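Read the structure below first, then the notes.
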Amino acid sequence: MTDTTVTTLVAATGLEPAPEPVSGSRAPRRRARTRAPKEPRRKITWDRIKAQRVLLLMAVPLLMYQILFKYVPVYGWAIAFQDYKPGRGSIWNQEWVGFENFVDLFTGVNGERFRRVVINTVGQSVLTLVVGTLGAIVLALLLNEVKNAPFKRVMQNITYMPHFLSWVIVASLASVALSLPSSGGFINQALLSVGLVQEPVLFLTEPNHFWGIVAGTSLWKELGWNTILYLAAITAIDPSLYEAAEVDGAGRYRKMFHITLPGIRPTIVVLLIINAGWILSTNFELPYFLGNGLISERAETIDVFVLRYGYQLGNYDLAVVAGIFKTLVAIILVGSANWAAKRLNQETLV
Amino acid sequence: MSAGLVGCTSDGAPEEDPKDAVIPAGDLADQSGTLTPSNPTTLTTWITSAQQAPAPDNKITKLLEENLGVTLKYEIVTPDAVDQKIGVMLAGGEYPDLIGTTDLKMRLLEGGALLRLDDMLETGDYPNLATHVEDDIKKMSYSGEEVDPGLYIFPNYNRFYGEVTGGTYYGPAFWIQKRVLEDAGWPDLSNMTLDRYFELIASYKAKNPQTDGVPTVGFEVLASTGREWGMTNPPALLAGSPNNGGVVVDDDDHAEIYADKDIAKDFYQVLNEQYDAGLVDRESFTLTFDQYTAKLATGAVLGMHDQGWNFQTATDSLRSAGKDEYTYVPLMPVYDGAEPWYADRPVMNTNQGFGISVSSKQPEKAMKFLDLMLSEPWQKVLSWGVEGEDYQVGEDGMFTRTEEQRANARDLTWRASNRLEALLDVLPKHNGQFSDGNAYSPDDQPAEFFATLTDYDRGVMEQYGKKTWLEFMNPQPENPKYYPAWNITLSDEANEVNQQLTDAGVQNLPKIIAGDPADFEASWKAYVDTIKKIDVEVYEDAINAGIQDRLENW
């Protein structure tokens, strides 16, 4: 969220290179934000700073916020190298144990479990991200084709309502939906009545279903919400492009594939990168509320592990080590998404 | 005890605000003037309990305000959420005035969240509390290694005064619905075995596939995190060993885990067969504790293994709905040749109860509050209610209740407005008897207990020639000196191993139980192999060290 704010702010202050000259009336507007590849960086002079002092001042609280809440707490990572006990007062007043906690986390019974936990975290995240993004794009495309405005509005409202439910509620809805028909499991009921299964499936006892359940539930919750941004991006596409395509004889699907999709491609990429960053911090609730012992080999994520083996056992040092590792995974995820985008010569964040 | 009451009225206590203190009349008032309505006090309390917070118009809340000027601010955490809540609270370092907890791992004490109590008790201002802990101080402040002597919490249950009495059984058992027994013509319950237990359930379920419109459930297994002992504890009980948690302790006081032993294998094999036969609920392993309670409360579940207190809410709601035939009788199946030892002598809960937090700005007032709550007049109010409204005193001085008062006491809604159940759950109590010979609670008063029974329940008792539910259980042998092993405080490492063992069970046992009987051996082997990878010795050594320490020091 803040990252996008910064980008907008930077763009507004004019630190970004000026837009390249408009080459033709049909040039899509998104070009305006594309960085020119080789232009040298403009010097920051005192005059420029003075001219933009109000804008810079406005950026200060944001910077303070970032430093205070995102960088200062990093000193707590010291706990990773200690045998931490809360009663001893300050965190510098603890027993130092070097890398013992790291060894403990990555080897032995814990190690085996932690590897699984990391795989689950990344697996669930990536699946959720891919399914969520695809779903949102498809829905945006479909909604864009709907010409009946009231119907479109109702559809949009219905799909984005679940976004406002808390995960606890979503999780219990999901667990009811997935249960046996006698306990209100309408999914089983539906499957049974169309003859897809002979006996009700106990979805939440089958480890291999769990990633799908997480992705599906998140899709249901966030689909409409994510669609909003794509719909907005679509409205920004120059209508003359469609007119020209129509003149050239393009049908509905051609227009979708050759104008709408390329038109929102930068949005897709930027959103993917942003989402890749925060998605790791969102896969706690579902695995925690829906997971149970039987499926924990596929359900347990880093956050759940941290909670159970760290906070619940009072083993804060182990929790911090796992947390540090999660940060690394998140950086790698964002980094690779960014790298991939660059390789595809797309808009990037960093 | 009377000495304690005299202490209360003595002038020894320092008065904080002598000029303001107006002490109300009556024996519910604080004679020392520390807590008076003229000088109102708000105490923040944090409570681990499955009970609900009291209703806003609660009668006893009003009594507290009128007599002591005390307003309680509750934060109530259910037992399955308590672990992370404690972790978060410790990490934050901010605590309410009173901490009422069931923290088996003693993290609050070790983490320095609680005040040392000895110094405060020595002032003599808290005679009731001093009496309460006097005899057991060694046992209470004992912890193995990390906790200083003198640092402890006030135990909530099983510090007995007078005679031990009781009617209801709250311990572990294989429970069975009364209607099943009725249908089977009140069969003999002695020499119970697992096979007979499941036969009873099977034959009833065959005849009654539906209960009030929902499918009848034969046997429920609770595997929810934090409550998984419902699934993991039975082997020891079946083998005639008392509830020591994850270990069985032999005659030489040597402890050993049983999760991977034959006594466990035999039990899960039976469960596996019963699952295959459709008797074990297929939803067992996905149920959360709340869903489990809700399911029991529908009355559709014929049997389960559990501790009586764990499903109290379900029992209460069945009773208040008048469905006595859906409530449960405790049974104690054992393996051939074993003597049942399900019921044990009540053991004092040394790591459950109330402590005063280090961040409390008013520790004296908080202590005074606990002390007053432990006085006989308040204990009677908390447990029996208000004289004349909730009970009568007979000419012989014994407390009795009318039918209406008994019905009220069963009614959940009434109780929310007339009792402070969550608070009482963790408060120190006069278990046993008051100085006037009345039992601490109606349920423990033999005459009152029997009178409380509904006609249906009395019929059940008559069929078996018993007077209390406790009599359905084995006579309780003297507890071993170290007992029970489940509340031995463990080091971080041993705790971690214990958690790994629990996790291995929670992951593997459902697969073993729910799997095809043909795969049983393979699933069992996978489970045993998982346990082999865990450093079980660390855990066993810690338990054994704890047992030896207790044998020497208690």
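The values are calculated or read from the model by the stated rules, or taken from the named source; none is laboratory data. The structure displayed is predicted, hence computed values, not measured ones. Every residue, glycine among them, receives a Cβ derived from its backbone with ideal geometry; neighbour counts consider all protein chains shown. Protein only, heavy atoms only, side chains kept; ligands, DNA and RNA dropped before computing areas. Shrake-Rupley method; radii C 1.70, N 1.55, O 1.52, S 1.80 Å.
At-a-glance table
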read-out: Sites matching GluC sites (Glu not before Pro) across the range B:385-463 that sit in DSSP coil, with at most 10 neighbouring C-beta atoms within 10 Å; value: B:E395
read-out: Whole-Hz couplings from phi, Karplus 6.51/-1.76/1.60, listed for the range B:443-452; x for Gly and Pro; value: 5, 8, 7, x, 4, 5, 4, 5, 5, 5
read-out: Other protein chain Cβ atoms within 10 Å, averaged over every residue that makes up A:200-209; value: 2
read-out: Rounded to whole Hz, the Karplus (6.51, -1.76, 1.60) HN-Hα couplings of the range B:125-132, x for glycine and proline; value: 7, 10, x, 5, 5, 4, 4, 4
read-out: Relative contact order, percent, chain A [alpha-carbon distance under 8 Å, six or more residues apart]; value: 22 percent
read-out: Amide H contacts under 5 Å for B:T211, placed H, 5+ residues apart; value: B:T216
read-out: Residues whose placed amide H lies under 5 Å from that of B:L114, excluding near-sequence neighbours; value: B:V358
read-out: Calculated [θ] (222 nm, deg cm²/dmol) that DSSP helices of n ≥ 4 give over the protein assembly as shown, each run adding -39,500 (n - 2.57); value: -14500 deg cm²/dmol
read-out: Dipole magnitude of the range B:347-422, debye to nearest 20 (Cβ charges: Lys/Arg +1, Asp/Glu -1, about Cα centre); value: 480 debye
read-out: Placed amide H near B:V77: partners under 5 Å, 5+ positions off or other chain; value: B:I47, B:T48, B:S49
read-out: Rg to Rh, two decimals, where chain B supplies the alpha carbon set and Rh follows Kirkwood; value: 0.97
read-out: In sequence order, calculated HN-Hα J values of the range B:430-440 (Karplus, 6.51, -1.76, 1.60; Hz; x Gly/Pro); value: 8, 3, x, 10, 7, 5, 8, x, 6, 6, 4
read-out: Tilt relative to chain B, helix B:289-298 - C-alpha long axis, 0 to 90 degrees, to 10; value: 80 degrees
read-out: Stretch in chain A that is longest and holds no chymotrypsin sites (Phe, Trp or Tyr not before Pro) that DSSP places in a loop and that have at most 15 other beta carbons within 10 Å; value: A:100-350
read-out: Between A and B, accessible area buried - total, square angstrom, nearest 100, 1.4 angstrom probe; value: 2900 Å²
read-out: Shape metrics for the protein assembly as shown, restricted to C-alpha atoms - Rg then Dmax, Å; value: 32.3, 106
read-out: Using alpha-carbon coordinates, inclination of helix B:363-373 to the longest axis of chain B, degrees; value: 70 degrees
read-out: Choice from A:A80, A:A59, A:A136 showing the highest fluctuation, given a GNM over chain A with Cα pairs closer than 10 Å; value: A:A59
read-out: Low-density loop positions, GluC sites (Glu not before Pro), the range B:121-229 - DSSP coil, at most 15 other Cβ in 10 Å; value: B:E145, B:E163
read-out: Heavy-atom accessible area ranking, 1.4 Å probe, most first, across B:L35, A:L68, B:L501; value: A:L68, B:L501, B:L35
read-out: Members of A:K70/B:K105; B:K138/B:K361; B:K62/B:K429; B:K62/B:K365 lying beyond 30 Å, as alpha-carbon distances in this model show; value: A:K70/B:K105
read-out: Where GluC sites (Glu not before Pro) fall in DSSP loop in the range B:464-554, at most 15 other Cβ within 10 Å; value: B:E478
read-out: Angle between chain B longest axis and helix B:520-533 axis [Cα atoms, degrees, rounded to 10]; value: 50 degrees
read-out: Per-residue mean of C-beta atoms belonging to partner chains within 10 Å, peptide A:169-175; value: 1
read-out: Relative contact order (percent, whole number), the range B:104-193, Cα cutoff 8 Å, 6+ residue spacing; value: 24 percent
read-out: Antiparallel content of DSSP bridges confined to chain B, in %, to 5; value: 60 percent
